[in-house]
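What follows is one structure encoded as structure tokens, with my remarks underneath.
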2 protein chains.
Amino acid sequence: MTRRGARLSPARRRPRSAGTLQAQLYDRIRQAILSGALASGARVPSARAMALEAGVSRGTVDAAYARLSVEGFLVARGAAGTFVTTPLPIAAASAPAAPPEPPRKEPRARAEVRPFQVGVPAVDAFPVATWSRLLGRHARRARAGDLAGSDPCGDRALREAIAAHLAVSRGVVARADQVMITGGYHGALGLLARALARPGDGAWFEDPGYHRARAALELAGLRLAAVPVDAEGLDVARGAALAPRARFVFVTPSHQMPLGMALSLPRRLALLAWARGADAWIIEDDYDGEFQRASAPLPALKSLDDQGRVIYAGTFSKSMFPALRLGFLVVPDGARDALARVASLLHPAPLLAVQRAAADFLGEGHFARHVRRMRALYAERHGALARALEELSSPQLQVEEGTGGLHLVARLIGARDGEVVERASQLGLAPGALSSYQADPTEGRLDGLLLGFAALPASRARKAVHRLAQAIAPPPGLTPWRGPSPST
Amino acid sequence: MTRRGARLSPARRRPRSAGTLQAQLYDRIRQAILSGALASGARVPSARAMALEAGVSRGTVDAAYARLSVEGFLVARGAAGTFVTTPLPIAAASAPAAPPEPPRKEPRARAEVRPFQVGVPAVDAFPVATWSRLLGRHARRARAGDLAGSDPCGDRALREAIAAHLAVSRGVVARADQVMITGGYHGALGLLARALARPGDGAWFEDPGYHRARAALELAGLRLAAVPVDAEGLDVARGAALAPRARFVFVTPSHQMPLGMALSLPRRLALLAWARGADAWIIEDDYDGEFQRASAPLPALKSLDDQGRVIYAGTFSKSMFPALRLGFLVVPDGARDALARVASLLHPAPLLAVQRAAADFLGEGHFARHVRRMRALYAERHGALARALEELSSPQLQVEEGTGGLHLVARLIGARDGEVVERASQLGLAPGALSSYQADPTEGRLDGLLLGFAALPASRARKAVHRLAQAIAPPPGLTPWRGPSPST
């Protein structure tokens with residue numbers, strides 16, 4: 001009785017259209033259209049695919065499609081396929097049984113990279129052909145065992161390739177089983193917070209610092225102490241005074257985000273000593289360690305860690321591309337089991353073929369070649385932007401000396417960065433507001449712009465800078481609908 | 001001063017070998033080998049790739065490799081490349097500066113699927129060629145904007161394809177922006193727990209139930225009430241009595257995991273009514289809704305949800321393959337913002353190309369075709385296993401009637417399932433122990449085996465069953481090293 005009773009179908013709940021398979025199919029598709037699940041203008045599956053999907057005959061689908069076409073819901077466009085009509089012939093009375101939920105504005109993937117966008121590498125120069133060849137190769141080569149499952153901490157081949165890469169180019173010595181593969185840096189933060197933090201745990205966070213990591217950690221329930229940075233990077237003495245019992249320190253030692261200085265050697269040693277005494281974890285965010293200006297990149301803080309206090313976080317977002325969403329942690333043995341358990345149950349590593357393709361990208365030298373090419377390209381693009389800014393010589397814009405990485409910092413004089421960023425956005429530009437990286441402005445508000453140059457071709461730098469000048473000092477009357485009132 | 005001071009290199013810390021780039025490189029590679037970062041037998045990068053990686057000349061690498069070869073660390077094998085020597089010529093005295101950490105036993109990806117493995121679909125029959133063609137296509141077609149970033153909640157194309165699929169085949173009507181893409185079911189649990197649960201929140205969990213989800217939720221800090229299941233599925237009245245203030249109900253309505261019954265219609269309605277009154281979320285785990293035995297699959301519980309209480313969780317692990325690690329949630333508007341924020345900051349969706357390939361796999365009808373073929377194949381494989389078990393007619397094994405899905409359940413008479421599973425594992429088999437799915441055995445311990453048949457070719461069923469019989473009733477003396485003493 002229970003088996004039969006449970007085999008209800010939505011059609012049974014609407015007696016109006018019950019009875020035949022065709023009527024049920026008609027009803028489901030119609031409701032999907034009315035509810036927006038099948039959007040206006042969307043292509044519906046071919047009759048053949050729909051027949052397979054719905055488990056009915058081709059003729060049943062044809063009949064349902066025909067009825068929906070007659071009623072104006074679908075329109076056939078020959079070889080192009082069958083589409084949901086635009087606009088739909090819907091009266092309010094024909095609203096679906098499900099609660100009519102208002103469509104929302106959805107953040108959609110940007111189709112194009114806008115000038116000055118922060119944190120975006122030269123995606124126009126990424127070797128897409130090589131990468132897609134490797135990815136296709138590993139998807140094709142997958143054996144049954146590879147499809148059946150994979151290590152939630154990451155595939156051995158990639159972990160080995162990363163360990164070898166870090167040993168050679170970042171001075172970090174780690175075994176492959178100390179490397180864990182994550183869903184980019186944010187996936188790594190989710191994993192770390194779940195495995196090692198209890199709600200309310202204290203943490204040092206650089207101020208200014210990477211705002212999205214700050215938001216992520218607050219969302220995960222950590223109490224963040226805003227620890228100032230100066231010319232030597234994170235002020236360890238201030239941190240120790242502000243939050244002596246913190247369990248975590250989040251730090252960008254190679255290239256401070258957003259200001260760009262490196263953490264000095266005395267500070268590195270002081271930080272390691274403090275963490276040892278406080279029994280705290282240091283999370284080293286080495287987000288763009290490959291792109292320091294120096295001829296040989298600075299070794300990672302982790303290379304000085306002989307007490308197993310540093311968890312090194314790396315990402316391929318900058319060195320390859322952000323949408324790859326592939327990152328990794330190098331984990332001291334003391335944190336390894338907790339992290340592995342969370343990875344296995346709540347934060348598994350991504351598709352095996354992606355990991356193996358990345359392993360080959362590293363192991364076959366494509367990675368090193370790409371990074372070397374990007375260093376040269378970024379030097380060129382940085383130069384072009386710096387020259388264009390110099391030509392502009394705006395009294396309101398004070399460009400700081402570059403220290404590599406993917407963006408320049410320029411202080412704003414007599415303007416609020418939030419307002420400039422908003423006007424720039426209307427002009428198609430995407431600089432970052434320095435103040436948004438600041439947690440505690442009591443010692444002086446930071447007003448400035450982060451100007452990403454890595455994805456900005458040198459030939460377009462001048463034009464982008466001229467448009468930026470309009471956003472900084474708009475001619476009177478250009479934006480009359482906003483007026484001079486301050487806003488965020 | 002600080003910049004210069006910070007630019008230390010690991011070589012500087014070991015004066016013994018400081019001085020030349022070649023000596024530094026030699027030292028780094030040697031230490032990587034000694035520490036296991038470059039494993040014995042591993043191929044090292046070509047001299048050309050290593051030169052790029054380390055930012056030194058080709059000649060420098062050749063010299064370092066030559067020295068390491070002379071010392072027995074590396075061995076050149078012509079065109080095949082250069083490898084770390086096996087075994088290594090290491091005395092205890094040459095241990096690295098880094099703390100010598102003992103190598104650990106690492107769970108490695110299984111190379112082969114073992115008979116009876118639970119939760120593994122027919123990975124031998126997955127259309128790898130089609131899938132890899134789609135994946136390669138989308139990796140190749142990626143434009144700069146696609147590489148620069150993607151929606152952390154999931155790509156629009158896949159969300160639309162899933163919404164259309166669910167409307168047609170599961171009776172679930174949802175807008176694309178209510179669909180969120182996750183790292184499989186476990187990634188979905190991580191996302192849900194972080195977004196909606198506070199530590200200590202109560203939740204109903206089926207008993208017996210999917211043990212890895214139970215472990216995941218306990219790890220995330222939920223207090224789980226073990227709610228019994230009977231022939232009609234989850235016992236809603238017992239749940240209401242056991243944990244009246246629970247904030248979550250985790251349930252497998254289409255095909256209970258592990259026992260296989262469907263949640264009856266009266267229970268579905270009672271559960272929805274209770275959740276409404278208690279202001280609780282129902283998490284519907286529809287892990288294998290495509291593979292119910294019935295000619296038309298049972299609609300999802302979500303299709304009855306007119307109050308926005310049900311969060312539907314789907315996965316492609318069973319309908320495509322587990323290592324894909326791709327799942328999704330259908331989210332009522334009341335939970336959407338919290339989940340989107342956590343996805344953005346702590347649980348981002350995977351690589352865009354994977355999502356777009358999956359969208360095409362659905363949209364071009366490959367998914368429906370594959371599922372239809374698998375239904376037929378699973379009927380065949382189920383039949384072969386059931387016949388082989390019948391032939392065996394072991395008095396200790398009482399096979400329950402199958403209800404579709406990917407495994408059979410057989411009760412064990414006069415044997416402990418944990419012991420049988422351990423002996424079976426030594427014989428190369430991988431049945432599941434029913435008792436491991438049970439949280440609370442006070443009303444009677446469940447002893448039984450879960451026998452996955454989806455990945456077991458019909459031609460191998462008899463042989464596998466005969467080997468299983470040995471594990472159930474081992475001939476005396478077969479495993480003399482263990483003796484008759486009870487163990488887990």
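Angle of helix A:184-196 to the longest C-alpha principal axis of chain A, folded into 0 to 90 degrees and rounded to 10: 80°. Amide hydrogen proximity for A:GLN292: with H placed 1.01 Å from N in the peptide plane, the residues at 5 or more positions away or on another chain lying under 5 Å are A:GLY405.
A label point on A:GLY383, set 7 Å along the Cα-to-Cβ line, lies at 7.4 nm from each of its counterparts in the other copies, closest listed first. For region B:369-472, the fraction of C-alpha pairs farther apart than 16 angstrom is 56 percent.
Comparing Cα centroids, region A:32-50 and region A:188-205 end up 43 angstrom apart. What is the helix-to-structure angle for A:156-169, meaning the angle in degrees between its Cα long axis and the longest Cα principal axis of chain A, kept from 0 to 90 and rounded to the nearest 10? Taking the Cα atoms of chain A, the angle to A:156-169 is about 30 degrees. Per-residue mean of foreign Cβ neighbours for A:152-163 is 3 (Cβ atoms of other chains, 10 Å radius). Whole-Hz Karplus values for region B:242-258 come out as 6, 9, x, 9, 4, 9, 9, 10, 9, 8, 10, x, 6, 6, 4, 9, x Hz, taken residue by residue from phi with 6.51 cos²θ - 1.76 cosθ + 1.60 and θ = phi - 60°; glycine and proline positions read x.
Kindly rank B:258-265, A:343-350 from highest to lowest mean number of other beta carbons found within 10 Å of each residue. Display every interim value, and only then the final one.
Working: B:258-265: 22.9, A:343-350: 26.4.
Highest-to-lowest ranking by the protection proxy: A:343-350, B:258-265.
So how tilted is helix A:333-346 from the main axis of chain A? Cα-based, degrees 0 to 90, rounded to 10. It works out to around 20 degrees. Can you compute the helix-only [θ] at 222 nm over chain B? Use -39500 (n - 2.57) per DSSP H run of at least 4 residues, normalise by all residues, nearest 500 deg cm²/dmol. That comes out to -12500 deg cm²/dmol. Around the amide H of B:ARG114, modelled in the peptide plane, lies no amide H under 5 Å away from a residue 5 or more places distant or on another chain.
Rounded to a whole number of µm²/s, how large is the Stokes-Einstein D of the protein assembly as shown at 25 °C and 0.890 mPa s, given Rh as the Kirkwood radius over C-alpha pairs?
Working: Rh = 30.2 Å.
The estimated diffusion coefficient comes to 81 µm²/s.
Evaluate the relative contact order of region A:309-415 (contact order divided by residue number), counting alpha-carbon pairs under 8 angstrom at least 6 apart; express in whole percent. Contact order relative to length: 15 percent.
Note that the protein assembly as shown presents 39 Å² accessible area per residue, ligands and nucleic acids not counted, probe 1.4 Å.
Between this copy and the others, label points of A:ARG137 are 2.3 nm apart in ascending order, each placed 7 angstrom from Cα in the Cβ direction.
When DSSP beta bridges are limited to those with both residues in the protein assembly as shown, what percentage is antiparallel, rounded to the nearest 5? Present the calculation step by step, with values, prior to reporting the outcome.
Working: 54 of 88 bridges.
Roughly 60 percent of the beta bridges in the protein assembly as shown run antiparallel, per DSSP.
Tell me the carbon and sulfur percent of the accessible area for chain A, rounded to whole percent, probe radius 1.4 Å.
Working: 10010 of 18970 Å².
Ligands and nucleic acids excluded, carbon and sulfur reach 53 percent.
Distance to the B-onto-A rotation axis is smallest for one chain B Cβ; residue and value in angstrom are B:GLY136, 2. Chains B and A: buried accessible surface, both sides, probe 1.4 Å, rounded to 100 Å²? Result for this pair: about 11200 Å² buried.
Peptide B:115-122 has a mean of 2 when you count, residue by residue, the C-beta atoms of other protein chains within 10 Å of its C-beta. Inter-copy label distances at A:SER57, using a point 7 Å along Cα-to-Cβ, come to 7.9 nm with the shortest given first. The value of relative contact order for chain A, using C-alpha pairs under 8 Å at least six residues apart, is 17 percent.
Distant-in-sequence amide contacts of A:SER317, defined by a placed amide H-H separation under 5 Å and a gap of 5 or more residues or a different chain, comprise A:LEU326.
Between A:ASP333 and A:ARG198, what FRET efficiency follows from the Cβ-Cβ distance if R0 is 30 Å, with the result rounded to 0.05? It would help to have the intermediate numbers written out before the result.
Details: r = 21 Å, r/R0 = 0.70.
Using R0 = 30 Å, I get an efficiency of 0.90.
Take the Cα atoms of region B:181-298, build their convex hull, and give its volume per residue in Å³.
Numbers: hull volume 12.2 nm³, N = 118.
About 103 Å³ per residue, rounded to a whole number.
The values are calculated or read from the model by the stated rules, or taken from the named source; none is laboratory data. Small disclaimer: the values here were computed from a predicted structure and weren't measured. Methodologically, a virtual Cβ is constructed for each residue, glycine included, from the backbone with ideal geometry; neighbour enumeration extends over all protein chains shown. Remember, those area values only see protein heavy atoms, side chains included, never the ligands or the DNA or RNA. Shrake-Rupley method; radii C 1.70, N 1.55, O 1.52, S 1.80 Å.
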